[in-house]
Each structure stands twice: as structure tokens, then as C-alpha cells.
Amino acid sequence: MKTFALAALCLIGLAAPAHATSGPGCLYVVNVARNDALNMRSRPSADSRIVDVLVPGRHGIIHLDAKCRPLDVPWANRWCPVSHYNGDRVTKGWVKARFVRDSDCP
């Protein structure tokens, strides 16, 4: 019985949401004025709804969730799928590649 309960707890742990880890895979905001912010969008389009606002130097962890796309356009024109971890809040969305740079996760 104890083995079954332990196995169930392990499976529950596997179903938990993923969190940013240490090492490569995070981003930071660049090319945005100090008195401005980067809008995180619900879809990879400047016309889509803003889901979060990333203030340069004052945002939480921005985790790159997959490759920026489309791959057949210059880097600056790609959109990157990201998760923004800020305290207890996690927001998923898209940012324009020209406004972020690679960083190690804390």
C-alpha cells in the first residue's frame, strides 16, 4: 500500500507545471527605452492582445519555450514563444525577437 501511495505521489509531481530552471534558456529585454516596456502578446502578431508588460531590468524570469519563428525570416522579424515568471504569476505569450537576448536562467 505504501509503495502504491509513493508511486501516485511521484506521478502527481510529473503532472505539475514546468518551472524555469537554471542554465541556458532564458531571455532579457533589450532595445527598449528605460521609460518604456516590451509588450508580450497572446499570439505572434503586433495586432494581438497584450497579455503582459516586460519592463527592461525589472521583469521576472523570461523563459524561451521553443525556437523563435518563422525560421525563414531574419532574426529581428521572428516571434518567440515565452513564459514570464514574476513572483507567483506565470504568463505565456509571444515577444518579438529583436527585443530580447539569450541569458542563463537564474
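Protection proxy ranking, highest mean first, for peptides 67-76, 28-37, 88-97, 47-56: 88-97, 47-56, 28-37, 67-76, where packing is the per-residue count of other beta-carbon atoms within 10 Å, averaged. Here the stretch 23-76 and the stretch 79-100 have alpha carbon centers that stand 5 Å from each other.
Each value in this text was obtained by applying a stated rule to the coordinates, not by laboratory testing. Note that the structure is a prediction, hence the values are computed from the model and not measured. Positions of Cβ are generated from backbone atoms using ideal geometry, with glycine treated the same way; all protein chains shown enter the neighbour counts.
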